[in-house]
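Notes for the one structure printed next.
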Amino acid sequence: MATFLYRLGRLAFRRRRTVVLLWLAVLAAVGAAAVGAPAASDDGSFMPGIEAQKAFDLMEQRFPGSDSAGADARIVFVAPDGRKVTGAGSRAAIGTLVDEVGAGAQVAGAVSPFRADAVSEDASTAYATVSYEVKAADLTDASKEALESAVEEARDAGLTVDVGGTALATQPAAGGVAEGIGVLIAAVVLLITFGSMAAAGLPLLTALIGVGISMAAILALGSTFGLSMTTGTLASMLGLAVGIDYALFVISRYREERDKGRTPEEAAGLAAGTAGSAVVFAGLTVVIALAGLSVVGVPMLTKMGMSAAGAVVIAVLIALTLVPALLGMWPDAVLARSARRSRARAGNGARAHAGTGRKSDRGNGGTRWAGFVLRRPVPVLLAGIAGLGVLALPVADLQMGMPGEEAKPTSTTERRAYDALADGFGAGFNGPLTVVVDARGAADAKSAVAKVTQEVGATEGVVSVSPARFNAAGDTAVFSAVPATGPNDETTKDIVHTIRGERSATESSTGTTFEVTGSTAMNIDIAQALQGALLPYLAVIVGLAFVLLLVVFRSVLVPVKAALGFLLSVLAALGSVVAVFQWGWGAELLGVEQAGPIMSLMPIFLVGIVFGLAMDYEVFLVARIREAYVHGDRPAQAVVTGFGHSARVVVAAALIMIAVFSGFIASTESMVKTIGFGLAIAVLFDAFVVRMALVPAVLALLGDRAWWLPRWLDRALPDVDVEGTALHPRPVGDERHDAPREPVRT
């Protein structure tokens, strides 16, 4: 591996113009394909196999055309204190609003609360339902303004009026804002790390090219594989983060080799052969974690994972080819200013700094920190494990759900409409259960459905049921059951399970079958399915990564340590998410106005992405430690040497990741905010506690045993040479042949 990448790096350096033109041609070709590609079609099946999805599919089949994909608006009216919505003035204002909205160009229908019996018992609250012929994204500004104008007129009459539904739903801020903040912070971190504008700008440039190719490819293949810009959100976020990091490691190694007196071409080859080998295997761990999302069984999650995996592959290829090519175009520009000045004074660019690399490594922050940990491995290990363990405790109370309008800020009209309906009609009104009755096996369908309706209505916790509505064939019926508690309440989950648990008795007595669906039941089923898929997913990615790290490091204990460290960091991150977003500790500092269940997809996302990134840091850091060990250092000295070479760069890479993810905390969308916080805090724990503290402490305690491998396994495993033993030692100036020399130590 190291030899192949060494030659690839030198080839890219020599043929730099060709390589750059090829990548620009790929970007142009994929961009042109994206412009001309048709839009992807919507896939309404979120998670096949769960009961709520089966019931939804049955309803679409038996009631064709009844499920409109058009936008909707639920206009909620609240009368002033001491008045009722049924009063003459309020009734007239509501009627005027319904008439005006119903006459709109894109409106399919508007139903008055007085015709639909949509008035609360105390007559303080009422709601009107408006349906549109087009989707929310296709509503014109004129249609939205007409609705807003009618609402303002009703407010002038003294009513409190708010609008729920999708018609006026507040759209999340563009992702580009968060990504722009992340890129800006990344640029500052890179500038501080490298002390060179060119060295700071090169990783940003190559990462943006990689993201551009990835996103254009997703758009070009959208109609074929059902991909969309939403699918590409994860690809954009990860492609940017790993693209910067992978280029960062290659450039850092290039500067190190130049500092030893290597020629630019030789330094580029060695950077590709050593740091590039680590990039390949780090990228593979990320791809494994992302591709593993397919085992969860959520089509959207599978598409997001595979799209992001493709973006990571592109980032790896760019780091191995485009980065050396650009280094060939400006070989000295990425060096520190002091190094460039020194070379100019010496007048010998090839050897002006021969031997200075060892001097610069001897006393930097990485070596000092490693020395501190090596002197106190047990206290550092115990403190790190105890701290992460305490932060992980809230995971025991993890509640998964799908936050809706109740999680939005109170400044939005959707949240105010949600609260008004809950106050006027009960907490469960915002999350009714939809029961689909298949009466094809019943002798008398109407009587059988009536009995099912009666028994569901008698279930403890159900406050009301609606009249059943039959399809044209008369063999299927649908009715709603309103629970007493809110959509994300644990009691509502118990009510759903109770209704389903009593199904067998009802089916045997009526000859019908029924299933429960609706947004509330769908969220409950999704949360349960994802919670059940979490352990198998963990087993798959940890098992595959263990094998990969076993091959990379030729050690049994190092992969075990890496996996256990990841579990510590991800559990601590999940615990922090629960404490902030579910318990509400410090939530106001992040702009979270309503604590509640954690989004169902969040734990899977967190586990998958953080696992890939954690293995990134593991490979980059431990590869340098093993490289020093293989080349003759004793275990403790190898840790110091490895940290001296890589600690600063790993810290910079982690800070860049944290910056990219933290940008999403500013989003007004609760789900995006939760994901951004979770990923940022997980990277913080994994990079700075696990990899920078626990890893050297464990390696110090293990000594030579850290690199133990049974002889039979050593013979069976392929030798991928990620540490580049085949490339060393290569004396400065002996660069006449591409053939690497024999390693010092095997």
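Every number in this text was worked out from the coordinates using simple rules, so none of it is lab data. Every value quoted in this text rests on a predicted model; they were computed, and no experiment measured them. Cβ placement follows ideal geometry from the backbone for every residue including glycine, while neighbour counts extend to all protein chains displayed.
A few remarks follow.
- Separation of region 1-23 and region 416-435, taken as the distance between their Cα centroids, equals 62 angstrom.
- The Stokes-Einstein estimate for region 81-123, based on a Kirkwood radius over Cα pairs and taken at 25 °C with 0.890 mPa s viscosity, is a diffusion coefficient of 217 µm²/s.
- Pairs of Cα atoms in region 413-524 fall into 5 Å distance bins, from 0 up to the last occupied one, in shares of 2, 13, 23, 23, 17, 11, 7, 3, 1, 0 percent.
- Beyond 27 Å in Cα-Cα separation lie the following of the pairs K493/K561; K493/K673; K303/K561; K451/K493: K493/K561; K303/K561.
- Take the Cβ atoms of S131 and W585, set R0 to 35 Å, and the FRET efficiency comes out at 0.25.
- A straight chain from D81 to A103 at 0.36 nm per residue would run longer than the Cα-Cα distance by 4.8 nm.
- Here, region 655-705 has an Rg and a Dmax of 15.2, 51 Å when only alpha carbons are counted.
- Listed by chain and number, the aspartates and glutamates whose C-alpha is less than 19 Å from the C-alpha of K408, apart from same-chain residues fewer than 8 away, are D72, D162, D419, D423, D489, E588, E593, E669.
- The residues L322, L727, L393, when put in order of fewest to most other Cβ atoms within 10 Å, stand as L393, L727, L322.
- Loop GluC sites (Glu not before Pro), region 421-510, which have at most 12 other Cβ atoms in a 10 Å radius of their Cβ (DSSP): E460
- In summary, the helical segments of the chain meeting the span-like criteria, namely a full DSSP H run, a Cα extent along the axis of 27 angstrom or more and a mean Kyte-Doolittle hydropathy of at least 0.5, are 16-36, 175-194, 197-220, 264-291, 299-329, 519-553, 557-577, 602-630, 635-662.
- Counted residue by residue at 0.36 nm each, then reduced by the alpha carbon distance between them, the extension gain from R469 to Q454 reaches 4.0 nm.
- DSSP-assigned coil residues among trypsin sites (Lys or Arg not before Pro) in region 379-458, each with at most 16 further Cβ atoms within 10 Å: R440
- Note on the chain: with charges restricted to the Cβ of Lys and Arg (+1) and Asp and Glu (-1), its dipole about the Cα centre is near 4980 debye.
- Straight-distance candidates among the lysines for linking to K135, with alpha-carbon spacing under 16 Å and chain neighbours fewer than 8 residues away dropped: K144.
- Estimated translational D of region 439-492 in µm²/s (Stokes, Kirkwood radius over Cα pairs; 37 °C; 0.692 mPa s): 270
- A helix-only calculation puts the chain at -20000 deg cm²/dmol for mean residue ellipticity at 222 nm, using -39500 (n - 2.57) for each DSSP H run of at least four residues, averaged over all residues.
- Taking each residue as 0.36 nm, the span from S480 to V547 lengthens on full extension beyond its C-alpha to C-alpha distance by 19.0 nm.
- Once C-alpha pairs closer than 8 Å and six or more residues apart are averaged by separation and normalised to the residue number of the chain, the relative contact order reads 19 percent.
- Taking 1.567 mPa s as the viscosity and 4 °C as the temperature, the Stokes-Einstein diffusion coefficient of region 71-165 based on its alpha-carbon Kirkwood radius rounds to 98 µm²/s.
- Kirkwood hydrodynamic radius of the chain, from the reciprocal of the average inverse Cα-Cα distance over all distinct pairs: 28.9 Å.
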